[in-house]
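**Q** Below are the structure tokens for one structure; questions will follow.
Coordinate-derived values only; no laboratory data. These figures come from a predicted structure and were not determined experimentally. Glycine also receives a Cβ, built like all others from the backbone with ideal geometry; neighbour counts cover every protein chain displayed.
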Amino acid sequence: MALGLKRLFIGELSELKKLEMIELNYEPLKDIAKSGKERPWNDKKRMSLKTASLFEEATLLKKAERMSGCGDFLTFKQTNEGLKLNQAFFCKVRLCPMCNWRRSLKLTYENKRIVEVANNRQKLRWLFLTLTVKNCEGDELEDTIKAMMEGYHRLMKYKCVDDEIEGWFRALEITKNNDEDTYHPHFHILLAVKPMYFARKNKYIPQEEWTRLWQKAMKLDYEPIVHVEAVKAKKTKKDFKEVVKDIEKAISDEQAVQKAILEASKYTVKDTDLFTGTEAQNVETVFTLDGAMANKRLVAWGKSLKKIRDELRLADKEDDLIHIDNQIEDDVSQEIQKVTAYWHIGLKTYVIKN
């Protein structure tokens, strides 16, 4: 690589690190997605190391060690379409920022495939439902999550819900209120319904009814906060041609569904939420979350969406965080060469040795 181009690529590094990288003939990793954005390997690795230090302080030593080595080496196939990850070690610790990023990408891709198949098979509308309970103390979190999962199962079995919901995807999210030292677990749910659902008053479930049903399913002595909305595009200005208007609406509706998929497929715990309190609070947070999330199904599919997921055999490679798009890597002719990047401890960035 030309010296000037290499200097351009490592422009964000300090002057000392720039010189060291050039002298040692290193090249920074540049993995560009189809969207044109650079994949955040460096940011996720740095956050994983930072999180690993919290695990170590929380005396979760084995997980801390695994997380510290997560993604140390990344081997890519360099193809005509750019870099394709081929080999890597991921620790798969629930709170690892690197692994959570990969899981979220995989989950988003899989849900897009499932929704696409569902829409091709029948005309559907989509709802985005959020179910919450009151914040709880750390020592209550595991039992609260278990109760929510049992409550959700009861909710989906109610006849008025079971009759109208064609399929669903559910994801758990947990946030922390450090001021009150409490946790807020809640569900994000993507629901598939038939278009006539909105036209039949005796079948349509308004938000007040969702609230009542969730309160009943959870056996709560208070009214929980519940939010439901139809997934649809925002209204746009009228177009002078109805055909153009219809096409734009179809595209906008599809984009709205994609946005809902992204919302439902995001991390259970955001990376930054682990570092919003004092050091003592952050250590307590990872210890509590790690225990509460153990052996839990944090995401789930039901009814037609589960059937489609099974048909697509997406569960077969559920733990594979390398091949996010499930692409079969058998087209050897497309491969130009393999590129291995490794995490440089001193430079605190991924580098490729020329």
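**Q** Net charge around I145, counting only other residues with Cβ within less than 12 Å of its Cβ (Lys, Arg = +1; Asp, Glu = -1)?
**A** So the surrounding residues net to -2.
**Q** Working out 0.36 nm times the residue gap between E38 and T59, then minus their Cα-Cα distance, what length gain in nm do you get to one decimal?
**A** That works out to 4.1 nm of additional length.
**Q** Given points 7 Å out from each Cα along the Cα-Cβ axis, report the K112 to F275 separation in nanometres with one decimal.
**A** If labels sit at K112 and F275, their model points lie 2.9 nm apart.
**Q** Still on this structure, I have one more. Treat each spin label as a single point 7 Å out from the Cα along the C-beta direction, and report the D310 to L105 distance in nm.
**A** So the label points at D310 and L105 sit 3.0 nm apart.
**Q** Explain nothing, just the number: dipole magnitude of the range 101-318 about its Cα centre with +1 on each Lys and Arg Cβ and -1 on each Asp and Glu Cβ, in debye rounded to the nearest 20.
**A** 1620
**Q** Ranked from highest to lowest mean number of other Cβ atoms within 10 Å per residue, what is the order of the peptides 41-51, 275-285?
**A** 41-51, 275-285
**Q** Per 0.36 nm of contour for each residue apart, how much would the distance between E81 and K216 grow if the chain were fully extended, relative to their Cα-Cα spacing?
**A** 43.4 nm
**Q** Okay, next question. Treat each spin label as a single point 7 Å out from the Cα along the C-beta direction, and report the K296 to I225 distance in nm.
**A** 1.9
**Q** Among 316-325, 183-192, 52-61, 342-351, how do they line up from the highest to the lowest mean number of other beta-carbon atoms within 10 Å?
**A** Descending packing order for the listed peptides: 183-192, 52-61, 342-351, 316-325.
**Q** Evaluate the charge dipole of the range 54-192 about its Cα centre and quote only its size in Debye, nearest 20, assuming +1 on the Cβ of each Lys and Arg and -1 on the Cβ of each Asp and Glu.
**A** With Lys and Arg at +1 and Asp and Glu at -1, about 960 debye.
**Q** Can you figure out the FRET efficiency of K30 with K232, using R₀ = 51 Å and their beta-carbon distance, to the nearest 0.05?
**A** FRET efficiency, K30 to K232: 0.85.
**Q** Fully extended, how many nm does the chain gain between Q122 and H153 (0.36 nm per residue separation, minus their Cα-Cα distance)?
**A** Answer, rounded to one decimal: 8.6 nm.
**Q** I've got another one for you. So what's the net charge close to W301: Lys and Arg +1, Asp and Glu -1, counting the other residues with Cβ under 13 Å from its Cβ?
**A** Around W301, the charge tally is +2.
**Q** Another question about this same structure. I need C99, C160, C136, C70 ordered by Cβ neighbour count within 10 Å, fewest first.
**A** So the ranking, lowest neighbour count to highest, is C160, C136, C99, C70.
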